[in-house]
1. Please work out if A:GLU238 is among the charged types (D, E, K, R) and either modelled with pLDDT under 90 or open to solvent by 80 Å² or more (accessible area, probe 1.4 Å) (or both).
2. For region B:24-112, which helices (runs of 4 or more DSSP H) that fit wholly inside it have 3 or more residues that are buried (at least 18 other Cβ atoms within 10 Å of the Cβ)?
3. Only one residue in A:ARG258, A:ARG275 is assigned to a helix (DSSP H, G or I), closer than 30 Å to A:LEU329 by Cα and open to solvent by 80 Å² or more (accessible area, probe 1.4 Å), so which one is that?
4. How many of the residues in region B:334-346 are at the interface with chain A (Cβ under 9 Å from one of its Cβ atoms) and either more than 18 Å from A:LEU295 (Cβ to Cβ) or open to solvent by less than 20 Å² (accessible area, probe 1.4 Å) (or both)?
5. Pick from B:VAL151, B:VAL179: which is under 19 Å from A:ARG262 (Cβ atoms), in contact with a Ser or Thr (Cβ under 8 Å, 6 or more places away or on another chain) and of a type in the set (A, V, I, L, M, F, W, C)?
6. Quick one: count up the residues across region B:187-200 that are at the interface with another protein chain (Cβ under 7 Å from one of its Cβ atoms) and either under 43 Å from the mean Cα position of the chain (by Cα) or open to solvent by 50 Å² or more (accessible area, probe 1.4 Å) (or both).
7. Answer yes if at least one residue in region B:124-133 is under 30 Å from A:PRO279 (Cα atoms), more than 10 Å from chain A (Cβ to nearest Cβ), out of contact with any His (no Cβ under 7 Å at 6 or more places or on another chain) and open to solvent by 10 Å² or more (accessible area, probe 1.4 Å), and no otherwise.
8. Just one of B:ALA249, B:ALA206, B:ALA219, B:ALA234 is over 27 Å from the mean Cα position of the chain (by Cα) and within 30 Å of B:TYR343 (Cα to Cα); which is it?
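The values are calculated or read from the model by the stated rules, or taken from the named source; none is laboratory data. Predicted, not measured: the structure shown is a model, and the values here were computed from it. Positions of Cβ are generated from backbone atoms using ideal geometry, with glycine treated the same way; all protein chains shown enter the neighbour counts. Note: accessible area is taken over every heavy atom of the protein model, side chains too, but ligands, DNA and RNA are not part of it. Shrake-Rupley method; radii C 1.70, N 1.55, O 1.52, S 1.80 Å.
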Amino acid sequence: AAGAPKPLPSSGPKSLREMPHPLATSSSEEMGPALTPSPDLLLPRSIADKDLTLPNGTPVDTSSPASSSSLLNRLQLDDDLDGETRDLFVTVDDPKKHVCTMETYITYRVTTKTTRAEFDLPEYSVRRRYQDFDWLRNKLEESQPTHLIPPLPEKFVVKGVVDRFSEEFVETRRKALDKFLKRITDHPVLSFNEHFNVFLTAKDLNAYKKQGMALLSKMGESVKYVTGGYKLRSRPLEFAAIGEYLDTFSLKLGTIDRIAQRIIKEQLEYLVELREYGPVYSTWGGLEVELSEPLEGVSACVGNCCTALEELSEDMTEDFLPVLREYILYSESMKNVLKKRDQVQAEYEAKLESVALKKEDRPKVPTDVEKCQDRVECFNADLKADMERWQNNKRQDFRQLLMGMADKNIQYYEKCLTAWESIIPLLQDKPETK
Amino acid sequence: VLSFRAVESQSEAQCAPVDSLWRRYSEFELLRNYLSVTYPHIVVPPLPEKRADFVWHKLSADNMDPDFVERRRIGLENFLLRVASHPVLCQDKIFYSFLTQEGGWKEMVNETGFQLKADSRLKALNATFRVKNPDKRFTELKHYSDELQSVISHLLRVRARVADRLYGVYKVHGNYGRVFSEWSAIEKEMGDGLQSAGHHMDVYAASIDDILEEEEHYADQLKEYLFYAEALRAVCRKHELMQYDLEMAAQDLTSKKQQCEELATGTVRTFSLKGMTSKLFGQETPEQREAKIKVLEEQIQEGEEQLKSKNLEGRDFVKSAWADIERFKEQKNHDLKEALISYAVMQISMCKKGIQVWTNAKECFSKM
């Protein structure tokens, strides 16, 4: 349950404003002994009266030792986390079909292995369905609005076009759900989110969901992070750049998606012709005597190429396209986070302006304006850190994806090569040598 | 043994302006017709197609297309080489003049009067002539040639469609080149890898043009045998007509003999209009009958001689035709095996190119 927000670690009772910008320096002296690379030692420290709340009053989930600290993110940007630094492992597998009176659906097994103190046990195994993942994502968006939440595979499938229970569809979805949880696991803030914890551990998730709903209704009807319509004058350069990047990025991905689909379509049409082509050699072989074996050989060869091509197209459909689409969804949700950030900044600027206009004799800035400023700086820091992390992961993901695509094509040609090379001796065989 | 210089000069002549090429093609046709009529028992090498057939979309169906013209030129050269390497045909004087004599060759051919020997019935390809005692071997061979034509046509049609589709697959990959380039512009670390991989995608897309051009040679080899099957069928047909003529002549002889006998003995064994009229209008005079018998006896003698020579002709035909058919079979088996091997080699080369390109692309991606 949402408890009292746990405070940030700090080197002392400084106000956030006086602290150097988290990304400004890399020196660790100011950070204090709490911030060491080893996650095991990152325990919440008490700090003076700095609490973070969202403009709508919802407390920011700071159950993590360094909720909005990009310092931690920076220290953990090293992606080659070896087994020693990892303390949380999550896997999604074993899809099973459930047939009930009202509906039929699939559940997946979610296995967790961890040494983290936030978990009561070192191992968990629960079953979750897509709805539950969707719920988790929504909760994360609500409770961690300053962070980039990974995407889920698409919720709705056009019935009749896609078979929701086919092996291929379920496997594609499973991989995407596994990726979703792994991305959260790798995130230094999101992985400590309590909803995530409950998702991984609770036997009865539905009970928790209902409880959560009740609590929220106490706090107010709007759980969405929506602020009043403040208009932002201009997006700071670096965020404008991110926005532009995401626009072009998702555009290019869309193009690649269309190209890949077109290639698959052309390959399937090629396959249709090949399937007619091979057997004609066989028919011919039936007419001949001496040429019978060579012609049959060619027919079989073409058949093998057909099989290889089929496998290539399947792989591209199941492994390549979904990842592209995932990243397009990712970009969309990221653009929304950018907009939210704009809102927070706009609110701050508006409030600041109204204070300035009052022309009162106060040297000190009122606390609510200060809080706004904190929010802006927090948001900016979180977002920047997440962007850097996202860029790195994206680079790795695409490196893997594109290398995989090249690999599949290489394998296709290798299969065909083997087939054709193997019939050369058959074709060259002289009747006398038989 | 023919000198290659002669063949070359012929091909050079074909590079002459378009109208002279067309004349040349018609002269090839004239030569082939002459050979077909003069050597009916030989499976005469076929000419390459007059019009572009079995084309896939990138290939032009235009007969003036330089690629088509070139391939036909090669086909015509091949035709001459086939004739030149045939043990019987290479000795033909008209063929020799075709290679050596530029002017007046046409007149020379027509002077042989070979058109008179040409059997117009051969043009009616599917007209059936009921042969009472067909030679089983020729019947089977005719059936085989029909099937061969059918299967090779089918193969060529599908191959053209396969080529078309394969072309599409390769060319679409070219789009990757452009989008990777555009994408690399907004990336920092990934940029170089993407850009260079895109270049390889362009190479991949471009490679299909040469691959399919080479495959056309394979298609041409198949086409030659498609047309050869027709030549084979023609030999069977000629035999069929020969056999039919033989049977008709034998039948005619038999009926004449019968008539003669009837006239001589005065008995009417078979119903005949003449018999009826003579019954109705009275018997002939003995002089008339004698005259008729004499005519018939002359005809019978002629007929017997003709039948004898036809029989001999027939036996000779079968003997030499079958020898050439055996020669043709061996040639066909050898050539088609070679064609299949070269096709497999082409496929292997295409696979290796594919592996190379994608390996290069993979390396670029790995540097992202």
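1. yes
2. In region B:24-112, the matching helices (runs of 4 or more DSSP H) lie at B:66-84, B:93-100.
3. A:ARG258
4. 4
5. B:VAL179
6. Residues in region B:187-200 being at the interface with another protein chain (Cβ under 7 Å from one of its Cβ atoms) and either under 43 Å from the mean Cα position of the chain (by Cα) or open to solvent by 50 Å² or more (accessible area, probe 1.4 Å) (or both): 1 in total.
7. So far as region B:124-133 goes, yes, one or more of its residues are under 30 Å from A:PRO279 (Cα atoms), more than 10 Å from chain A (Cβ to nearest Cβ), out of contact with any His (no Cβ under 7 Å at 6 or more places or on another chain) and open to solvent by 10 Å² or more (accessible area, probe 1.4 Å).
8. None of the other options fit; the residue is B:ALA206.
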